[in-house]
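Notes follow the structure.
The values are calculated or read from the model by the stated rules, or taken from the named source; none is laboratory data. Predicted, not measured: the structure shown is a model, and the values here were computed from it. Glycine gets a Cβ as well: all are built from the backbone with ideal geometry, and neighbour counts include every protein chain shown.
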Amino acid sequence: MGNQSFGDNGGYVYVNLQLAVYVNDVLTYLLAYCCFFGLIQFVKLFRFNHRISLFTETLRIAGKELVQFFIMFSIVFMAFLILFYLLFVAKLSTCATLLSTAQMLFEVTLMKFDATELIAAGAFLGPFCFTLFIFIVVFVCLSMFLSIINDSFRHAKETKIADQEILSYMKEKFLRWTGLKKASQTEIYANRDRRMRSLFFDPIERFPEKIDRLLVAIDKIYTDQKKECNRLKSAGV
């Protein structure tokens, strides 16, 4: 419709492309997130590596706690964002907008911000707010984050990862099948001993099974006798 109006008026009509730009931006954002999460899935291809498997296992264990932490951290960060924006919007160029204020706070979190501008903006409020942000966000929140990661990493190291055992078994079988690696005498004797042990059994372990079979046989004999008696009664014998 826009192209038709543009052609009918010889190019002198205003065509509103705001909706098209908005839809293009939304599709671009969705494509970016799809590419991001798609590439993250490639980490699973390297899950047989010990360090990468520890990384993924740590994230899996810490997933719920990390979500709760990021919700809490977002609330705290938004509170400081509004505080710095309202206090220094007219005094600092880095606090002119909410976006620039958030960028400044991220720089403070990374300890890459010069605090002399805050001191010049307010003799008391500048150092006080800066110290409060450093204490709560950098010391408390980041310490909680590191504690969650360390605790989850410790649990991940204690967890026995079966995938690595599967990979080792497949690798061992492939090398044996191709003849690149031959079994040693110790492994041959161990396999033979394992097969011999599997042929023997402890009578005590089989005792409950034998009792179950006996009860089933007795029940079958009783049922057959009862059916035979009923048949004879119905025949008048």
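Conditions tested, residue by residue: (1) of a type in the set (D, E, K, R); (2) without any contact (Cβ under 8 Å) to a residue 60 or more places away in the chain; (3) part of a helix (DSSP H, G or I).
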{"residue": "Asp114", "(1), (2), (3)": "yes, yes, no"}
{"residue": "Ala120", "(1), (2), (3)": "no, yes, yes"}
{"residue": "Leu132", "(1), (2), (3)": "no, yes, yes"}
{"residue": "Val140", "(1), (2), (3)": "no, yes, yes"}
{"residue": "Ser147", "(1), (2), (3)": "no, yes, yes"}
{"residue": "Ser152", "(1), (2), (3)": "no, no, yes"}
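Of the residues examined, Phe46 is one that is at pLDDT below 85, loosely packed, with under 13 Cβ neighbours inside 10 Å, within 29 Å of the chain's Cα centre (by Cα) and of a type in the set (Phe, Trp, Tyr).
Rundown of residues vs (1) of a type in the set (Lys, Arg); (2) more than 27 Å from Leu125 (Cα to Cα); (3) surrounded by 12 or more Cβ atoms within 10 Å (Cβ to Cβ), yes/no style:
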| residue | (1), (2), (3) |
| --- | --- |
| Lys64 | yes, yes, no |
| Gln68 | no, yes, no |
| Ile75 | no, no, no |
| Leu83 | no, no, yes |
| Leu86 | no, no, no |
| Thr94 | no, no, yes |
| Thr97 | no, no, yes |
| Ala102 | no, no, yes |
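Which pairs turn up if I take residues in the stretch 63-74 that are closer than 16 Å to Asn150 by Cα and look for partners that are part of a helix (DSSP H, G or I) with beta carbon separation below 7 Å, at least 6 apart in sequence or on another chain? What qualifies is Glu65/Ile148; Leu66/Ile148; Phe69/Met144; Phe69/Phe145; Phe69/Ile148.
The test for being loosely packed, with under 14 Cβ neighbours inside 10 Å, under 28 Å from Ile40 (Cβ atoms), among the charged types (D, E, K, R) and modelled with pLDDT under 80 holds for Lys157.
So that you can scan it fast, the table gives a plain yes or no per residue for (1) surrounded by 10 or more Cβ atoms within 10 Å (Cβ to Cβ); (2) touching a Phe, Trp or Tyr at 6+ places or on another chain (Cβ under 7 Å); (3) modelled with pLDDT of 75 or more:
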site	(1), (2), (3)
Met1	no, no, no
Ser5	yes, no, no
Asn9	yes, no, no
Tyr12	no, no, no
Ala20	yes, no, yes
Val23	yes, no, yes
Leu27	yes, no, yes
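Within the stretch 206-237, restricting attention to residues that are among the hydroxyl-bearing types (Ser, Thr, Tyr) and surrounded by 10 or more Cβ atoms within 10 Å (Cβ to Cβ), the residue that is modelled with the lowest pLDDT is Tyr222.
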